[in-house]
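See below for the structure under consideration.
A short reminder: the numbers here are calculations on the coordinates, not readings from a lab. Not measured: the values here are computed from a predicted model. Every residue, glycine as well, gets a Cβ built from its backbone with ideal geometry; the counts of neighbours run over all protein chains shown.
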Amino acid sequence: MNKCSFCGAKENEVKVLVYGLDGYICENCAEQAAKIVREALERKKQDSKLHDLPKPKEIKEYLDQYVIGQDAAKIALSVAVYNHYKRLNHRGETDDVELEKSNIIMVGSTGTGKTLLARTIAKMLLVPFAMVDATVLTEAGYVGEDVESLLARLLQAADGDVKLAEKGIVFIDEIDKIARKGDNPSITRDVSGEGVQQGLLKLLEGSIVNVPPQGGRKHPEQQFIQVDTRNILFICGGAFDGIEKRIAQRLNTHVVGFDASRNAARLDKSNMMQYIAPMDLKSFGLIPEIIGRLPVLTHLEPLDRTALRSILTEPKNSIVKQYIKMFEIDGVKLTFEDEVLDYVVDKAIEFGLGARGLRSLIEVVMMTPMYEVPSTGVKEYVVTLDFARKQVENANMSVLKESSEDK
């Protein structure tokens with residue numbers, strides 16, 4: 001009886017046995033072989049992408065397709081990422097000068113695109129990407145997640161391939177939430193603030209870390225996976241709510257003497273974030289050691305009305321394009337009146353939710369059409385201003401407004 005040349009299973013023991021010139025393969029081995037081939041091709045594609053590294057201008061042009069505005073942050077991110085992977089490509093070459101990695105910290109209010117920038121960079125370079133919220137991290141031995149859980153998620157994104165994970169990108173969101181609670185000594189430990197910052201130090205600067213294979217807590221009997229973090233790029237992001245006051249305070253202390261009024265007049269008080277400096281992060285509660293390991297500091301501009309309007313329609317994956325595509329799958333041509341988009345932008349500004357508010361508002365407007373239209377058989381649907389206004393008012397969005405004002 002014929003049998004699989006790979007696993008030895010007989011023809012009557014498998015569903016399909018594919019005949020070859022001098023052998024056979026069953027469906028299970030064929031699926032496994034296909035998976036191995038896909039992974040090998042993906043790795044080759046990724047290696048070629050990193051060796052034919054796009055230049056900073058090319059990286060920024062790619063980011064421009066997905067993120068509106070934020071040119072200063074895009075340029076800083078493009079240069080840092082280019083230098084990081086250029087350093088990886090030339091690793092091992094004998095030279096007196098050792099290139100160190102440039103981890104990044106992005107400061108900007110909620111909904112300005114910090115997460116989107118990091119995710120888009122990883123997508124372009126085809127490297128494993130893991131995102132973690134710093135608010136869940138605690139010092140080792142306390143309830144919460146250890147800092148090593150960051151690397152466990154990166155390993156999962158790399159399908160357990162340690163070498164691939166060591167070329168990945170980790171985005172730590174809400175980094176401002178682990179600011180130390182104060183300079184005054186306390187009898188209780190700051191296990192979710194300064195304790196986490198101390199734990200992050202070894203990851204950021206580069207060291208060999210023992211990672212629990214399944215994530216979760218460490219146990220003495222567990223078999224750990226060793227991950228070298230020297231070539232992992234860490235991107236941190238945070239809103240740093242209220243840091244503008246510290247920036248303004250610092251700038252005022254520098255404005256002394258006859259030129260005081262002239263220098264103060266030059267400052268753009270509507271966007272103090274652009275003047276941010278490492279000392280402002282220190283006064284906010286980040287320890288100097290952490291700031292030193294995040295040498296690239298950049299800010300994201302607050303989104304004005306024009307930027308929010310562009311976000312709705314212009315990026316490759318814009319919100320409006322996504323809904324048009326969803327209706328197109330059902331054979332329906334979806335159209336938004338321009339007044340609807342202007343109304344949504346005005347409401348997002350009113351609620352103070354940034355770009356995230358746009359998605360929430362469009363979802364409220366489109367809930368009824370998405371429920372009813374697939375069953376009606378219509379071929380075209382137009383969203384009008386009156387309908388959008390009625391949907392938002394009926395959804396009791398005033399609650400959302402009140403919650404945004406409380407922040």
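Points to keep in mind about this one:
- Coupling constants for the stretch 3-9 follow from the phi torsions by the Karplus curve (6.51 cos²θ - 1.76 cosθ + 1.60, θ = phi - 60°), and in residue order they are 8, 5, 6, 9, 9, x, 5 Hz; glycine and proline get x.
- For MET131, the residues whose modelled amide H falls within less than 5 Å of its own, excluding neighbours fewer than 5 places apart on the same chain, are PHE171.
- With N the number of residues in the stretch 278-407, Rg(Cα) / (2.2 N^0.38 Å) evaluates to 1.37.
- Over the stretch 302-388, relative contact order from alpha-carbon pairs under 8 Å, at least 6 apart, %: 37 percent
- Residues whose amide H falls under 5 Å from that of VAL211, counting only those 5 or more places apart or on a different chain, are ILE225, GLN226, VAL227, with hydrogens built in the peptide plane.
- Each Lys and Arg adds +1 at its Cβ and each Asp and Glu adds -1 at its Cβ; summed about the Cα centre, the stretch 297-378 shows a dipole of about 300 debye.
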